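I have placed the structure first, in the form of structure tokens, so that the comments after it can refer back to it.
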Amino acid sequence: GESVGLHLPTLSVQEGDNSIINCAYSNSASDYFIWYKQESGKGPQFIIDIRSNMDKRQGQRVTVLLNKTVKHLSLQIAATQPGDSAVYFCAENMGRDDKIIFGKGTRLHILP
Amino acid sequence: NAGVTQTPKFRILKIGQSMTLQCTQDMNHNYMYWYRQDPGMGLKLIYYSVGAGITDKGEVPNGYNVSRSTTEDFPLRLELAAPSQTSVYFCASRIRGGKSSYEQYFGPGTRLTVT
């Protein structure tokens, strides 16, 4: 597949441990925040989203936390598995403009 | 449903040539998007559309044009290809409302090289 993730920061996590991937955003008017997973050679795949009036949302094995005070978003993955190895992107919906802008990604590397 | 389909999968263009990247979705989604992803980098929004007949610029629209004459199709046109347009192009769609309002469905991408 293409070289997704070569210039992106890497987080290395032991298999079975929890992973925390962080993201900073800049637009106070954004009303939704989204996390995507991109495996090598594929398009991004939706994981979970959170509305700006919430501070936490849980999915299957994932939790997203939103701190609007410091404009910070995090994705927590419980009991990390080899299949979680990918590049993770946060994205934000720019309010009434309805355009979804991606942030910088993080490559998650799973150690055996 | 086939989801979001993109053609071609690969293309090599000479500088100055033109081409259209095709994108079709069969999910009756209102919103459609074009992104580009340079090697080892994140995704940049080129153009997007909130419905047939409506398009708007994203972060990096220069050198591209789009049209949205139907709900299903959202072609991206490159008029005068430049080496800086070498990238992987992703098309995405989403429906307004629904359980996960901001879930975009992405196509497999078109890898374009301009030499």
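The values are calculated or read from the model by the stated rules, or taken from the named source; none is laboratory data. Not measured: the values here are computed from a predicted model. Backbone-built Cβ (ideal geometry, glycine too); neighbour counts: all protein chains shown. SASA here: full protein model, heavy atoms, side chains in, ligands and nucleic acids out. Shrake-Rupley method; radii C 1.70, N 1.55, O 1.52, S 1.80 Å.
Things worth noting here:
- Rounded accessible area per residue of the protein assembly as shown, 1.4 Å, Å²: 49 Å²
- Cα convex hull volume per residue for chain B (Å³): 94 Å³
- Across peptide A:86-99, the average count of Cβ atoms from other chains found within 10 Å of a residue's Cβ is 3.
- Once all protein chains are placed together, A:Arg107 keeps about 90 Å² accessible to a 1.4 angstrom probe.
- Around the Cα centre of chain B, unit charges on the Cβ atoms of Lys, Arg, Asp and Glu (plus for the first two, minus for the last two) sum to a dipole of about 160 debye.
- Unsatisfied cross-links (Cα-Cα over 25 Å) in the set A:Lys71/A:Lys104; A:Lys42/A:Lys71; A:Lys37/B:Lys14; A:Lys56/B:Lys57; A:Lys56/A:Lys99: A:Lys42/A:Lys71; A:Lys37/B:Lys14; A:Lys56/B:Lys57
- Taking every residue in B:106-112 and counting other chain Cβ atoms within 10 Å of its Cβ, the average works out to 3.
- Taken residue by residue and averaged, Cβ atoms of other chains lying within 10 Å of the Cβ of B:27-34 number 1.
- Split the accessible area of the protein assembly as shown by element, probe 1.4 Å, and carbon with sulfur accounts for 48%.
- Between A and B, accessible area buried - total, square angstrom, nearest 100, 1.4 angstrom probe: 2100 Å²
- For the pair B:Asp73 and B:Ile15 in one chain, pulling the backbone fully straight at 0.36 nm per residue adds 18.2 nm over the alpha carbon distance.
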